[in-house]
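First the structure, in the form of structure tokens, and then the observations on it.
The values are calculated or read from the model by the stated rules, or taken from the named source; none is laboratory data. This one's a predicted model, so the numbers in the text were calculated from it and none came from an experiment. Cβ placement follows ideal geometry from the backbone for every residue including glycine, while neighbour counts extend to all protein chains displayed.
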Amino acid sequence: MTKICCIGAGYVGGPTMAMIAKKCPDVQVTVVDINASRIAAWQTDDLPIYEPGLDEVVKEALGRNLFFSTEVDQAIIDADIVFVSVNTPTKTFGEGAGFASDLQYWELCARRIKEVSTTDKIIVEKSTLPVRTAEAMERVLHSGDNPVHFEVLSNPEFLAEGTAIADLENPDRVLIGGHETPSGQKALQTLVDIYATWIPRERILTANVWSAELSKLTANAFLAQRVSSINAISALCEATEADVGEVAHSIGTDSRIGSRFLKASIGFGGSCFKKDILNLVYLCESYGLQEPADYWRQVVIMNEYQETRFVTNMLHNMFNTIAGKRIAIFGFAFKADTGDTRESPAIKVCRKLVGEHAKVVVSDPKAIENAKLEMPDLLDQIDFEKDPYAAAEGAHAVAILTDWKEYKELDYQRIYDSMAKPAFIFDGRNMLDHQALFEIGFEVYSIGKGLKTHLK
Ligand code: NAD
Ligand code: UGA
């Protein structure tokens, strides 16, 4: 029986390994982590992350061929294949601080693997890493006089949160990079065979290791770039009375452009877009490529502009003062269908509103606990209220920051009746029926459309 160990039981390690275990009952999958409470939670009905459909997938394989454990060394020793899916955040210290990837968790894993292994293993980079990390890892793994052979593959993950299970079950593609040596190609084939259990062979792409590593950073940079591009146009729409939804629709029907990822918003969030682009910027700079570095850096600058512009618009439209005004935040997660709040634009929006002395009330169906963790210094200045109706009561404004579908279905007449007047709604996701809201009596601001007002 093939044995897989995955180091890192987070948003990627947990769901990807659960899917492999579900689809390959003859493969034994053990997911390990140093975070004991996370490992414990994976074995309860209250999983450590919220992801639609995840419970069923875990339940099906847990205890059969899917195991969670804190015994990192034993799982490595037993495994034929070791996936490393630990966090690779932006470095906060030393050279490259603010841009480069912090590889300390990755390298610790490599050292541990080298330390305890007594049989040959395939090591799979699942974390998102700078191009040529595999080279450094091979040097660590093969240092000293350990006779064990490690073959390093790059198998970046492309799942998006909120749709992780659908993405894993039916991915656009799986990408596996391996060395062009006989042992590299043999290892690559082993991993191809696992994915081929449920993914059509033509969607399993193979490449050299460096291309696979760089493709992951490039995919995220292109996706984020589309959001920043449409957000740049949204600012111009507001200045010219063009409608960003109409512009996005018009350009999206060009099959060369395509319609997805053109939704103007308060900006992209999530743990990866910003970190991966900054990493790309750092890589370009370290190879002396200043213009490519500046090009990609602008995607992040544009995103920050969009977040700031949203709060500035709130302030200006609410008569240049929001001090003492209650503002209900609908949605704190960085996107719908996840409780994840990492790099959520809502963090910056809330901090700026508190900075203007507004009375902020945060509502979210899944992310209230994480929201509290994001703003530990503001807990005495922000209220948290799961029920959106209660959050909006007495508020001067509602700001929609996450595209949860339940926000489409609320009774906005009831909300309007309970609010201070004039009652503002700032739709940071362009997801509501703005004409209907306007007819109820709201002052309605939306991204790329500006303010519809009753006040002259
Ligand atoms: P995460 O923080 O949710 O999980 C990482 C886990 O690794 C944590 O539970 C941590 O305790 C554990 N860990 C760290 N060092 C360890 C060690 N030495 N031994 C054992 N466990 C250790 O991170 P994530 O969101 O799952 O992301 C993991 C990687 O996947 C990152 O490189 C990220 O860029 C990439 N990625 C993330 C997503 C996503 O949607 N979150 C999608 C694609 C790729
Ligand atoms: C993204 C990528 O889509 C995944 O392919 C990748 O694996 C992952 O990053 C990663 O490497 O972590 P994720 O961040 O989970 O996935 O979610 P997305 O759907 O990409 O959304 C990212 C942000 O962009 C969200 O805040 C979302 O609201 C925003 N967005 C997205 C827009 O504002 N407009 C759009 O049109 C699309």
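Note down all Cβ pairs under 6 Å where the first residue falls in the range 399-420 and is closer than 14 Å to residue 434 by Cα and assigned by TED's automatic domain parsing to the domain that holds residue 338, the second is surrounded by fewer than 22 Cβ atoms within 10 Å (Cβ to Cβ) and hydrophobic (A, V, I, L, M, F, W, C), and they're at least six residues apart or on different chains.
Correct list of pairs: 412/440; 413/440; 416/440.
Tally up the residues in the range 17-35 that are within 10 Å of ligand 1 (Cβ to nearest atom) and either surrounded by fewer than 23 Cβ atoms within 10 Å (Cβ to Cβ) or outside the structural domain of residue 110 (by TED's automatic domain parsing) (or both), please.
2
Collect the residues in the range 18-35 that are in contact with a Phe, Trp or Tyr (Cβ under 7 Å, 6 or more places away or on another chain) and not in a strand (DSSP E or B), keeping them in residue-number order.
23
Assess whether residue 230 counts as being buried (at least 19 other Cβ atoms within 10 Å of the Cβ) and more than 16 Å from ligand 1 (Cβ to nearest atom).
yes
Could you say whether any residue in the range 54-73 is more than 30 Å from residue 365 (Cα to Cα), hydroxyl-bearing (Ser, Thr, Tyr) and assigned to a loop (DSSP other than H, G, I, E, B)?
Yes, the range 54-73 contains at least one residue that is more than 30 Å from residue 365 (Cα to Cα), hydroxyl-bearing (Ser, Thr, Tyr) and assigned to a loop (DSSP other than H, G, I, E, B).
So residue 334 passes all but one of these: (1) touching a residue at least 12 places away in the same chain (Cβ under 8 Å); (2) within 25 Å of residue 455 (Cβ to Cβ); (3) part of a loop (DSSP other than H, G, I, E, B); (4) not acidic (Asp, Glu). Which condition number does it fail?
Going through (1) touching a residue at least 12 places away in the same chain (Cβ under 8 Å); (2) within 25 Å of residue 455 (Cβ to Cβ); (3) part of a loop (DSSP other than H, G, I, E, B); (4) not acidic (Asp, Glu) one by one, residue 334 breaks only (2).
Residue by residue, here is whether (1) within 16 Å of ligand 1 (Cβ to nearest atom); (2) touching a strand residue (DSSP E or B) at 6+ places or on another chain (Cβ under 7 Å) holds:
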{"position": "331", "(1), (2)": "no, yes"}
{"position": "340", "(1), (2)": "yes, no"}
{"position": "361", "(1), (2)": "no, yes"}
{"position": "367", "(1), (2)": "yes, no"}
{"position": "381", "(1), (2)": "no, no"}
{"position": "392", "(1), (2)": "no, yes"}
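Within the range 358-369, identify whether any single residue is out of contact with any Leu (no Cβ under 7 Å at 6 or more places or on another chain), part of a helix (DSSP H, G or I) and under 19 Å from residue 51 (Cα atoms), and answer yes or no.
Scanning the range 358-369, I find at least one residue that is out of contact with any Leu (no Cβ under 7 Å at 6 or more places or on another chain), part of a helix (DSSP H, G or I) and under 19 Å from residue 51 (Cα atoms), so the answer is yes.
Which residue, of 206, 163, is in contact (Cβ under 8 Å) with a residue 24 or more places away in the chain and more than 12 Å from ligand 1 (Cβ to nearest atom)?
Answer to the check: 206.
Which is surrounded by 15 or more Cβ atoms within 10 Å (Cβ to Cβ), in the same structural domain as residue 76 (by TED's automatic domain parsing) and among the polar types (S, T, N, Q), of 143, 154?
Only one candidate qualifies: 154.
Checking residue 445 against (1) of a type in the set (Phe, Trp, Tyr); (2) in a strand (DSSP E or B); (3) closer than 12 Å to residue 328 by Cα, which test does it fail?
(3)
Return yes or no: is residue 227 closer than 24 Å to residue 279 by Cβ, β-branched (Val, Ile, Thr) and away from ligand 2 (no atom under 16 Å from the Cβ)?
No.
Looking at 38, 112, can you tell me which residue is outside any loop (DSSP other than H, G, I, E, B), under 19 Å from the mean Cα position of the chain (by Cα) and in contact (Cβ under 8 Å) with a residue 24 or more places away in the chain?
Just a single option satisfies the conditions, and that option is 38.
Only one of 138, 95 is charged (D, E, K, R) and under 26 Å from the mean Cα position of the chain (by Cα). Can you tell me which?
Sole residue among the options that is charged (D, E, K, R) and under 26 Å from the mean Cα position of the chain (by Cα): 95.
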